[in-house]
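Novice: Here it is, the structure in full.
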Amino acid sequence: MPSADQIRDLIRRAADRDLENDKRQRDYTYVEREQENRLGGKGQVASSESKTHDVMELYGEQVERLIAKDDKPLSSKDAAKEEERIQKLIDERKNESEDDRRKRLEKEEKDREQAREFVKEITDAYNFRFAGMETLEGREVYVIDADPRPGYEPRRREAKLLPKFRFRVWIDKADEEWVKLDAECVDTVSVGWFIARVHKGSRVLIEQTRVNDEVWLPKSVALKLDARILLKGFNLDEDVSYRDYKKFRTDTKIVPAVEDPK
């Protein structure tokens, strides 16, 4: 059984690798489908809608092209508008000055560095507990529980939210990459005085998959949200799935990562 310090180091290494995975995700095109179900007072689905996007990289920036609504292809009119929007982005990047490009890339690197600092806070903000070993998709994984550490004092503004959540994480033993994350809100989260409040019990479940034996990328996100935004209540389930990863910068053979749900 790993010690508390060993678990903390494992969490830190897995989080650092995830930041690199996020950067390498830009080497891939893929399809993202998002479905939002708004719930009524008794938990029944009151309304539902879905959007499907092709995701690609244009001049170093990820771009989403809407290709379907409610699993139906766009009308010729809406498809033309989407192509016009994409072409506008291409033209903007094509005409971008070297100075503007440098500033944009520097900002991206600064954001990544801030994310690394946030990761360090995560390992300080929680007490970790080894919960055992499991097998996910034929791979052996560590199961680790994390509870907010009493007396923790956030150093960064973003880290003030950490004591409001607890989570369980599954980490691949061989790759030391996190495979699955189940996080639950354990106290009301407020953003501003009247802007937004996320209530206790809201939950997010995130899963990743191994692609091309070289990188771990998103597979699905399931969000259950009970919130109040600008005095208006929201109770919804949101599911996002990712599939058809294809590497476009090399001729490497693509190994299917996620089966088409159809």
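Novice: With a cap of 12 neighbouring Cβ atoms within 10 Å, and only residues DSSP puts in a loop, list the chymotrypsin sites (Phe, Trp or Tyr not before Pro) found in the range 116-207. Don't jump to the answer; show the numbers that get you there.
Specialist: On the way: sites: Phe118, Tyr126, Phe128, Phe130, Tyr142, Tyr152, Phe165, Phe167, Trp170, Trp178, Trp193, Phe194; in loops: Tyr152, Trp193, Phe194.
Of the chymotrypsin sites (Phe, Trp or Tyr not before Pro), the ones in loops of the range 116-207 whose Cβ has at most 12 other Cβ atoms within 10 Å are Trp193, Phe194.
Novice: Also, I was wondering about something else. Go through the range 124-138 residue by residue and turn each phi into a ³J(HN,Hα) via Karplus (6.51, -1.76, 1.60, θ = phi - 60°); whole Hz please, and just put x for glycine and proline.
Specialist: In residue order, the calculated couplings are 8, 7, 10, 9, 9, 9, 6, 9, x, 10, 9, 10, 10, 6, x Hz.
Novice: Using +1 at the C-beta of Lys and Arg and -1 at the C-beta of Asp and Glu, which of Thr123, Tyr30, Ala15 has the Cα lying farthest in the positive direction of the dipole of the range 4-247?
Specialist: Farthest towards the positive end: Thr123.
Novice: Over the chain, calculate the relative contact order: mean separation of alpha carbon pairs under 8 Å at least 6 apart, over the residue count, as a percent.
Specialist: Working: 485 pairs, mean separation 48.9, N = 262.
Averaging sequence separation for qualifying contacts and normalising by length gives 19 percent for the chain.
Novice: On to the next question. Which of Lys77/Lys219; Lys51/Lys94; Lys51/Lys247; Lys23/Lys88; Lys224/Lys246; Lys51/Lys72 have a Cα-Cα distance over 21 Å? Can you show the working numbers first?
Specialist: On the way: Lys77/Lys219 31 Å; Lys51/Lys94 28 Å; Lys51/Lys247 23 Å; Lys23/Lys88 24 Å; Lys224/Lys246 30 Å; Lys51/Lys72 9 Å.
Pairs exceeding 21 Å: Lys77/Lys219; Lys51/Lys94; Lys51/Lys247; Lys23/Lys88; Lys224/Lys246.
Novice: Per-residue ellipticity at 222 nm for the chain, helices alone: DSSP H runs ≥ 4 residues times -39500 (n - 2.57), over residue total, nearest 500 deg cm²/dmol? Can you show the working numbers first?
Specialist: Working: 3 runs with 68 residues, N = 262.
Result for the chain: -9000 deg cm²/dmol, rounded to the nearest 500.
Novice: How large is ³J(HN,Hα) for each residue in the range 147-161, as worked out from phi by the Karplus curve 6.51 cos²θ - 1.76 cosθ + 1.60 (θ = phi - 60°), to whole Hz, x for Gly and Pro?
Specialist: Whole-Hz 3J(HN,Hα) from phi for the range 147-161: 10, x, 7, x, x, 5, 10, x, 9, 10, 4, 5, 6, 5, 7.
Novice: Let me see the pair-distance distribution of the range 4-247: every alpha carbon pair, 10 Å bin width, integer percents in order.
Specialist: Reading upward from the zero bin: 6, 23, 32, 29, 9, 1.
Novice: Hey, another quick one. I'd like to know which of Ala222, Ile90, Val198 lies farthest towards the positive end of the charge dipole of the chain, counting +1 on Cβ of Lys and Arg and -1 on Cβ of Asp and Glu.
Specialist: My answer, from the dipole projection, is Val198.
Novice: Reachable aspartates and glutamates from Lys103, Cα under 14 Å, same-chain residues fewer than 8 places away excluded?
Specialist: Glu61, Asp111
Every number here is computed from the coordinates shown, using simple stated rules; none is lab data. None of these values were measured; they are calculated from a predicted model. Quick reminder, even Gly has a Cβ in these numbers, built from the backbone with ideal geometry, and neighbours come from all protein chains shown.
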